[in-house]
Amino acid sequence: MKKLIALTAVAAFMAGCSDDGNCNGSDDMHLISPALEMSVSTASGQSPLTGILTVAACNANSSIYYGNYVNNKLTPFDGYYHVKDGALYDGAINRRIMLPQVLTI
């Protein structure tokens with residue numbers, strides 16, 4: 001029953017914006033992608049990250065999930081990046097985190 005309620009909530013969230021021109025602000029919303037720094041703590045210190053980095057945007061100073069803008073619409077989809085030696089891998093397809101400039105994350 002809990003799974004059904006969760007799936008219904010996700011479906012309602014996604015359908016709520018499906019036919020709106022822009023359900024989150026004006027048409028000229030300025031979205032930015034925050035800078036990312038990636039490393040892994042090891043026994044010998046910091047080491048550059050290699051692998052997949054998943055980023056879930058949260059409200060400032062909390063663990064309340066905010067979301068990510070995809071095609072200028074707020075979505076529940078996290079950002080993800082392919083990383084090699086602590087830098088974004090150039091040849092990979094990434095879903096960048098895009099947020100309104102005025103939002104503090």
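Throughout, read-outs are computed from the coordinates displayed, never taken from laboratory work. Bear in mind that the values here come from a model prediction, so they are computed numbers and not experimental data. Here the Cβ is made from the backbone with ideal geometry for all residues, glycine too, and neighbour counts use every protein chain on show.
Give me the one-decimal nm value for the distance between modelled label points at ARG95 and VAL40, 7 Å along each residue's Cα-to-Cβ direction.
Between ARG95 and VAL40, the label points sit 2.3 nm apart.
Note the full-extension length gain between PHE77 and THR54 as 0.36 nm times their separation in residues minus their Cα-Cα distance, in nm to one decimal.
7.3 nm
What full-extension length gain, to one decimal in nm, is calculated for ILE32 and SER47 as 0.36 nm per residue of separation minus the Cα-Cα distance?
Taking ILE32 through SER47 to full extension adds about 2.6 nm, to one decimal.
Considering amide H positions built from the backbone, and no H for Pro or chain starts, which residues 5 or more places from ASN68, or on another chain, come under 5 Å of its amide H?
Sorted by chain and number, the residues that satisfy this are THR75, PHE77.
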